[in-house]
Every structure is written in structure tokens, then in C-alpha cells.
Amino acid sequence: MAWTLDDFDYPLPQELIAQAPLDRRTDSRLLQVGPQLADLHFADLPALLSPGDLLVFNDTRVIHARLFGTKDTGGQVEVMIERPLGAHEALAQIRASKSPKPGTRLMLEGALEVEVLGRAGEFFHLRFPAGEDLVVLLERHGRLPLPPYIERAAGNTDESRYQTVFAKNPGSVAAPTAGLHFDEPLLARLAQMGVNSAFVTLNVGAGTFQPVRVHDLSEHKMHTEAYFVPQATVDAIAATKAAGKRVVCVGTTSMRALESCAKGGQAVAGEAESDLFILPGYHFNVADALITNFHLPKSTLLMLVSAFAGMDTIRRAYAHAIAERYRFFSYGDAMFLTRTSE
């Protein structure tokens, strides 16, 4: 079937876009999506899982990827790191009145002299000062990047709440938001009941917020993101499947990493780049269930969950969530989806 952008649109009241986290991570609501819809709280998650099920988390850590400054000509610039390239270089988006040319020098946050080396598609290739590692410099001088639909600057609360409690490997410019609902007591409770955990790392790029710019989705090209799947996770998946239990992806980023490493049918450990674009009709090789937030209209993530749970099921779930005033997007509520087919 030929899918178009309009197939993945829905009307969302602006006031349902969550602008801040709730007091506690597990205070979020959880919509169980199946033949029937059930309104739960995230603290009810253990009731949806069984001993031997495997939760797969993305342990990436959000870096201070937003920087403000000036060009050597005096013009104002805003830089959003897309991804580090080694210890001293990065790809970035730059917002300025005129695009900087190769050789332009930027003074960012009054402390970092950065050279524009050139373009790489829609991104700029930047060289940061030698000496300290890029991520160390960003943590010291940069700012936490909140998504564009959160209409405020990042504050002290966001420094902890826009990271998962298991964040470990720095490299993302956006949080793997399904993981934000988990706190240490909930993780301990799940472990105590025999639910297993495993980790992947997928570094979320700023491209995740870029709108799809084609009407015919067969023409869309996904942005690439770096991921790593450890052998221990591959082994845990195999053991879970052999025992007849479920692999439950915590977030679309975990799912993309696992499905990318399993294009041949079986998950394979290693490090690679993913440009996997999942539309309805896609055959899932690994994931049996998915915990995820609610996604933007016309987004590739909405397309992914529609492929996983079924178009009609997702349309029904989103209509219910809007009617019941669920909170949407990064700081919003969550869904529990089971793999199905239409």
C-alpha cells in the first residue's frame, strides 16, 4: 500500500502537550492498548508483565547540545549539536540570519572558538578546541536541549528529569522518553518479580524532531543514528524467546536499535548506523511489546507504532487519549502496545 503523510495526521489540542514533568516519574498515566483500552497508571506496569519477560532499555545520556554565540562577523547564532564526531568535531544544525561559510569562526557561550569546516547535507561540520573532549566541553558550556514543542528554557529540574535514571553513555540530543517513567523503586520491583532487563545504546539526533517533508512516504529518507547492541543483550533476547517469553522494548529508540541489528531475522551484536524507516507492513523480528509515549502528528514515530500495533488500533488509542486528556510527547503519558497485524 502507498502511504502518504495525511494517513498519519490527527488533531491535537495544544494544551495537551506536556510542558513539564510530573512530581514523580511513575505518576504518569499508562494506556494499555489491546482489543480493549484500559486506563492505568505507570506504577501499574508490573501487572502487565510476567516473570521471564525482558525489558530492553536505551541507556543513552542527553548531552548539553545547545549553544548560543556569534559569528566572527558579529551575527548571532544558535548551534544544536546533532552528533559528536570523535573527540573534537561534531555535526550540528546552525540557526543564523545567514548560513556560515567554511572557515567561519564562531564564539560560543563566550568560551568556545569553533571553526565551520563545511556542510554535510543539512548539517554543518564543526571543529571544537583541542585539549578536552568535546562532550566534557559541552557539559561545561552548553545547555540542555529541550524539544521544540516545550515552550520554555531548560531549568534545574530538567537536568535530572530529562535524563533516565539509567542514563550512562553520553551522545543524545533528545531523551529516550519512554524510559523517563521508570524510577529506581519500580525497577527494583520489576527485578524482584523476575522481569529481566537488558540495554542498548542509540544516540538520538536532533533529526528526530525534523518534519517529514514529502507527501509520498516512499520518498522519505530517514536521518541516521548511531547504535550499539551488546552481546549480552543479544543473548538475553535469545534466552527470552527460547523460554516463550516477551521482549518488551522501552521506547521506539530501543526498538529501532533491535530491529536494525536484526534485519537478517536474528539479532546480531555490534555497533552500526540505523536509517531504518518503519511503516505499516513492516515485519518485526524482535519486539513483542512496546512501552512508548504519544507521538507527534505526521511523525515517523507515529508511523512506527502504527506498524507495530495496527493503524486502526493506534487511531482508536489516540482518539481515546485525547478524549481522556492524556498528556502528550516527551514529558507526557505512556502507552503499552502489543505487536499485532491488520
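Values quoted throughout were computed directly from the atomic coordinates according to the rules given, and no laboratory measurement underlies them. Since this is a predicted model, take the numbers as computed values, not measurements. In this analysis, Cβ positions are derived from the backbone assuming ideal geometry, glycine residues included, and neighbour counts consider all displayed protein chains.
Things worth noting here:
- Sorted largest first, extent of the chain alpha carbons per principal axis (Å): 60, 42, 41
- Unit charges at the beta carbon, dipole of the chain: most positive-side option, ALA334, GLN192, TRP3: TRP3
- Net dipole in debye of the chain [+1 Lys, Arg Cβ; -1 Asp, Glu Cβ; about Cα centre; nearest 20]: 120
- Point-charge dipole on Cβ atoms (K/R +1, D/E -1) for the range 66-141, about Cα centre, debye to 20: 320
- Separation between Cα centres of the range 159-193 and the range 102-121, rounded to whole Å: 33
- Each residue of the range 226-237 was assigned a 3J(HN,Hα) from its phi angle through the Karplus expression (A = 6.51, B = -1.76, C = 1.60, θ = phi - 60°), giving 7, 9, 9, 10, x, 4, 4, 6, 4, 5, 5, 5 Hz with x at Gly and Pro.
- Expressed as a fraction of 2.2 N^0.38 Å, the C-alpha radius of gyration for the range 47-134 is 1.46.
- Based on the convex hull around the alpha carbon atoms, the range 198-293 presents an average projected area of 6.5 nm².
- Taking every alpha-carbon pair under 8 Å whose residues sit at least 6 apart, the range 167-288 reaches a relative contact order of 28 percent.
- Partner aspartates and glutamates whose Cα lies under 13 Å from the Cα of LYS168, excluding those fewer than 8 positions away in the same chain, are identified as ASP59.
- Computed per residue of the chain from DSSP H runs no shorter than four, each worth -39500 (n - 2.57), the mean residue ellipticity at 222 nm is -5500 deg cm²/dmol.
- Difference of contour (0.36 nm per residue) and Cα-Cα distance, LYS241 to ALA20: 75.8 nm
- Gyration tensor verdict on the range 1-71 (Cα atoms; rounded if a/c is under 1.5, prolate if a/b is larger than b/c, oblate otherwise): oblate
- Members of LYS98/LYS221; LYS241/LYS298; LYS241/LYS263 lying beyond 24 Å, as alpha-carbon distances in this model show: LYS98/LYS221; LYS241/LYS298
- Length-normalised contact order of the chain in % [C-alpha pairs under 8 Å, at least 6 apart]: 24
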